[in-house]
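Data block below; observations after.
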Amino acid sequence: MQIDAIAAGLQQAEAAGGEALTVRQIIALLGDQSHSFVILVFCVLNMLPGPPGYGGTIACAIIAFAVAMIVGRPPALPRFISDRRLSPRLASRMVQQLRWFSKLVARFSAPRVEFLAAERGRMAVGFSILVLSIPMVIPIPLINAVPNVGIAVICLSRINRDGAGMIVGAIIGLIGLTIAGLLIWGVVSLGLAAGDIVGTGG
């Protein structure tokens, strides 16, 4: 299934139903065995602003999909994730963003170093996505942006059988992990400093 076909299917489902789509419905539409497609769609969702807890929920879903990719099984999501609904406006923006992102990457992506995108590398790809997605759960502003882009590039490159693109995505993800580590260190340092000030004042 091509990216345009995925986007068209989501758009048609949203227009026909007239109601907000649940996470479970989106997974059923994409095919629960197509891990790269599903993770890509949820990475695109994570690029859009949402209500409080939205980013953490999407990150948890990506982690579940990564584990499912590693073990080769459909993801089993908790109901608090699978029953969450996307507003029609958010679904429409997701479709537009998915098309924009896929066209952007397609300008530079082509089948090459294809053995990295082969099925036998599925477990390694899933583990890489799992590692990159864990810090995204932490509720610190901007912590998930760069790792999320890296995961999206990995997935779209794997769909295009572009092993070189997957390497680029992994590098982007590692840069994101470094940034996340620095942000976490900064928050912890500020918390410790604030505790020392309170303790001294007391």
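The values are calculated or read from the model by the stated rules, or taken from the named source; none is laboratory data. All values reported here derive from a predicted model rather than from experimental measurement. Backbone-built Cβ (ideal geometry, glycine too); neighbour counts: all protein chains shown.
A few remarks follow.
- When 73, 93, 89 are screened for being of a type in the set (Lys, Arg) and modelled with pLDDT under 75, only 89 passes.
- Any chance residue 72 is touching a residue at least 40 places away in the same chain (Cβ under 8 Å) and loosely packed, with under 13 Cβ neighbours inside 10 Å: yes
- Test result for residue 133, at pLDDT 85 or above, in a helix (DSSP H, G or I) and among the hydroxyl-bearing types (Ser, Thr, Tyr): yes
- Qualifying residue in the range 163-183 (condition: of a type in the set (Ser, Thr, Tyr) and surrounded by fewer than 16 Cβ atoms within 10 Å (Cβ to Cβ)): yes
- Taking the criterion of being more than 15 Å from residue 58 (Cβ to Cβ), among the aliphatic types (A, V, I, L, M) and buried (at least 24 other Cβ atoms within 10 Å of the Cβ), the residues of the range 126-157 that qualify are 153, 154, 156.
- Residue 182 vs. criteria over 18 Å from the mean Cα position of the chain (by Cα), in a helix (DSSP H, G or I) and over 30 Å from residue 49 (Cα atoms): no
- Residues considered: 152, 164. Of these, the only one that is touching a strand residue (DSSP E or B) at 6+ places or on another chain (Cβ under 8 Å), at pLDDT 85 or above and in a helix (DSSP H, G or I) is 164.
- Qualifying residues in the range 108-125 (those that are of a type in the set (D, E, K, R) and touching a residue at least 40 places away in the same chain (Cβ under 8 Å)) - the one surrounded by the most Cβ atoms within 10 Å (Cβ to Cβ): 122
- Some residue of the range 104-118 being within 20 Å of the chain's Cα centre (by Cα), modelled with pLDDT of 80 or more and of a type in the set (Lys, Arg): no
- Only one entry of 61, 7, 13, 20 meets the criterion of being modelled with pLDDT under 70, in contact with a Leu (Cβ under 8 Å, 6 or more places away or on another chain), within 18 Å of residue 152 (Cα to Cα) and surrounded by 13 or more Cβ atoms within 10 Å (Cβ to Cβ), and that entry is 7.
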